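Visitor: Sharing a structure, written as structure tokens. Questions coming.
The values are calculated or read from the model by the stated rules, or taken from the named source; none is laboratory data. In this text, all values refer to a predicted model and were calculated from it rather than measured experimentally. Glycine gets a Cβ as well: all are built from the backbone with ideal geometry, and neighbour counts include every protein chain shown. With ligands, DNA and RNA removed, areas are computed over all heavy atoms of the protein, side chains included. Shrake-Rupley method; radii C 1.70, N 1.55, O 1.52, S 1.80 Å.
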Amino acid sequence: MGPASQQARDTATAGVITRPPLLYLVYLILGLALDRVLPLPLALPEAALLSWIAGGVLILVGVAIVGAGISNFSRARTPVPSNQPVRALVTTGIHGWSRNPIYVGMFLLYAGIGLAARSPWVLVLTLPLAIIMHYGVVAREEAYLERRFGDAYRDYKARVRRWV
């Protein structure tokens with residue numbers, strides 16, 4: 001491979017539809033707004049304390065998982081934002097359990113906020129958010145990592161689950 005093609009390869013990115021934290025934030029705001037303007041007849045249990053506790057646990061676990069994933073990327077000196085070229089294939093630590101621990105953590109954080117806020121819309125919007133994350137982010141990142149790292153990524157993909 002010549003220097004020009006190596007440089008093009010080094011600057012390539014996954015081409016995701018947008019930064020994942022922005023997707024989660026947009027869906028969270030949309031869900032909370034829909035609770036106000038178009039309330040669902042779906043009643044969550046009246047146990048507000050239970051919702052707060054369950055939501056709080058999910059939030060804490062989600063933040064811990066996101067933190068561990070980001071820390072792993074930092075140790076490998078590779079950028080976290082998916083709109084920047086990856087410098088290293090991270091396969092150890094929490095990435096040895098899940099290929100997408102940061103997104104798993106974000107889902108837990110999102111669901112935890114939905115539970116704590118007792119927001120039916122936030123919880124209902126989890127499915128479309130998951131579909132958009134899969135096709136607009138994860139599938140594109142996986143194709144990019146396979147092009148970038150070849151057999152090393154295929155081996156990692158064969159032994160570590162996408163989510164958990």
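Visitor: So what's the back-of-envelope 222 nm ellipticity for the chain, counting only DSSP H runs of four-plus at -39500 (n - 2.57) apiece and dividing by all residues, rounded to 500?
Guide: After summing the helix terms and dividing by the residues of the chain, the value is -20000 deg cm²/dmol.
Visitor: Right, another one. If I take R0 = 41 Å and measure r between the Cβ atoms of VAL160 and VAL37 in this structure, what FRET efficiency does the formula 1/(1 + (r/R0)^6) give, to the nearest 0.05?
Guide: The value I calculate is 0.50.
Visitor: Probe radius 1.4 Å, ligands and nucleic acids left out: which of ARG162, ARG87, ARG99 has the largest accessible area, and how do the rest follow?
Guide: Greatest to least solvent exposure: ARG87, ARG162, ARG99.
Visitor: For the chain, find the longest principal axis of its Cα atoms and tell me its angle to the long axis of helix 20-37, 0 to 90°, nearest 10.
Guide: The angle comes out near 20 degrees.
Visitor: What is the percent carbon and sulfur in the accessible area of the range 74-127, measuring with a 1.4 Å probe over the protein chains and ignoring ligands?
Guide: Carbon and sulfur atoms account for 63 percent of the accessible area of the range 74-127.
Visitor: By the gyration tensor of its Cα atoms, with a ≥ b ≥ c the square roots of the eigenvalues, what is the shape of the range 31-164: rounded for a/c under 1.5, prolate for a/b over b/c, or oblate?
Guide: prolate
Visitor: Using the alpha-carbon atoms, what tilt in degrees (0 to 90, nearest 10) does helix 139-149 show relative to the longest principal axis of the chain?
Guide: Value to nearest ten degrees: 20.
Visitor: GNM, the chain, Cα, under 10 Å: largest mean-square fluctuation among TYR27, TYR135, TYR153?
Guide: Sorting by GNM fluctuation, first place goes to TYR135.
Visitor: Between rounded, prolate and oblate, where does the range 88-139 land on the alpha carbon gyration tensor, with a ≥ b ≥ c its root eigenvalues, rounded for a/c under 1.5, else prolate if a/b exceeds b/c?
Guide: oblate
Visitor: Quick check on the range 14-66: take the gyration tensor over C-alpha atoms, sort the square-rooted eigenvalues as a ≥ b ≥ c, and tell me if it's rounded (a/c under 1.5), prolate or oblate. Present the calculation step by step, with values, prior to reporting the outcome.
Guide: Working: a/c = 3.79, a/b = 1.29, b/c = 2.93.
Oblate is the answer for the range 14-66, as a/c is 1.5 or above yet b/c matches or exceeds a/b.
Visitor: Here is a further query. Can you work out the accessible area per residue across the range 67-164, with the rest of the protein chains kept in place, probe 1.4 Å, in square angstrom?
Guide: 49
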